[in-house]
Amino acid sequence: MGEVSYYRRRGRLIGMSIFGIAGTAVGIFLVSLAIRNSSFMIGAIGGLMAVALAGVFIHNFRNMLNADPVLTLSENGILDRSTYMSGGLIKWEEIEHISVARVQGWGFLIIHTYDRNLMINRYSGFKKFLILFNKGLTDGQVHIPFRLLACDPLELLTNVAQFYEVKGLGETSLNLFLSTEG
């Protein structure tokens, strides 16, 4: 079985880039307003807003220009680059089972590994903190949002199930009839 790649939705990246630019502009406006009125609090809020939303713009604009796939299924495993806290390469042998869940209105492909600390041990610093924070959402280690991928969720689920079964790792717990929109 060959390699199957999935790409990021461009519309969402464009929207988030516009949001980042607009928020940065509002933050800069607040800083200039604070300078004219000698208000430290408004200046601090505006500065933090400008820096944070400039980061949102840069992150999303870079991803929009990058034509690399964000999710790849191959003989080696699942290569996840869908989010900031993506799992990287998760080998088929490391995967205990794969499921689908809806968390806070979003549909996710959830990968459960034998080593419950696999993702936590791969990262340090802020990413490690975010992974620990998200750990309470489900019992899975990797969460891949369907909403960010430019593909039909059922096609993705079918391909994941085929790769998983071809590797001889047994049945998946994927419910292909589960509504995964959103």
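Just so you know, all these numbers are worked out from the coordinates, no wet-lab data involved. Computed from a predicted model, the values in this text were never measured in an experiment. Cβ placement follows ideal geometry from the backbone for every residue including glycine, while neighbour counts extend to all protein chains displayed.
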* Structure fact -> The farthest towards the positive end of the charge dipole of the chain, of the residues 34, 164, 141, given +1 on Cβ of Lys and Arg and -1 on Cβ of Asp and Glu, is 34
* Asked: What is the packing order of peptides 86-99, 115-128, taking the mean over residues of other C-beta atoms within 10 Å and listing the highest first?
  -> 86-99, 115-128
* Structure fact -> Taking Cα atoms, the helix 10-37 axis meets the longest principal axis of the chain at an angle in degrees (rounded to 10) of 20 degrees
* Answer rounded, prolate or oblate for region 9-65, using the Cα gyration tensor with square roots of eigenvalues a ≥ b ≥ c: rounded when a/c is under 1.5, else prolate when a/b is larger than b/c, else oblate. => prolate
* Asked: Per the helix-only calculation at 222 nm, which mean residue ellipticity applies to the chain, given -39500 (n - 2.57) for every DSSP H run of n ≥ 4 and division by its residues, nearest 500 deg cm²/dmol?
  -> -15000 deg cm²/dmol
* Structure fact -> If amide H atoms are modeled at 1.01 Å from N in the peptide plane, then the residues at a separation of 5 or more from residue 107, or on another chain, having amide H under 5 Å from its own are 146, 147
* Amide H of residue 89: which non-local residues (sequence gap of 5 or more, or other chain) have their own amide H closer than 5 Å, using H built in the peptide plane? -> 80
* Please give the helix 40-65 orientation as an angle from the longest Cα principal axis of the chain, in degrees from 0 to 90, rounded to the nearest 10. => 40 degrees
